[in-house]
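The values are calculated or read from the model by the stated rules, or taken from the named source; none is laboratory data. Just so it is clear, the model here is predicted, and its values are computed rather than measured. No Cβ is skipped: glycine too gets one built from the backbone with ideal geometry, and neighbour counts run over all protein chains shown.
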Amino acid sequence: MDECTNCGAAVEDELLCPECETPRSGKNRVTAGVLSLVLGSFGAHKFYLGRPVLGLYYFLLFWTLLPAMLGIMEAAIYLLATDEEFEYAYADGSILGKYY
């Protein structure tokens, strides 16, 4: 059994704290979306989400337009997802999220 990082309530397998509805990972989808949109070419959103290897690839290939285009697409995905979907699929630090 885990504790909520915000209020200290007991959290079992829920994605959000039952007391204060804080996401368990502490990662915010809006922050990830804005980082992806503004600094996506450099992989800032990947570093924020706990994927430093992918962030490094984005950074090393920033001179191509591929990371910029991927960053824009990922920003749309992050910002259009609900908090629960984002927490389940992208905020866990997995490589491509749990949907892939």
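All of (1) modelled with pLDDT under 90; (2) buried (at least 18 other Cβ atoms within 10 Å of the Cβ) hold for LEU16 with one exception: (2). Before we move on, is TYR57 modelled with pLDDT of 75 or more, aromatic (Phe, Trp, Tyr) and in contact with a Leu (Cβ under 9 Å, 6 or more places away or on another chain)? Taking the combined requirement at face value, the residue does not satisfy it. For segment 60-86, filtering for residues that are modelled with pLDDT of 90 or more, more than 10 Å from SER41 (Cα to Cα) and either surrounded by 15 or more Cβ atoms within 10 Å (Cβ to Cβ) or of a type in the set (Gly, Ala, Ser) (or both) leaves 6.
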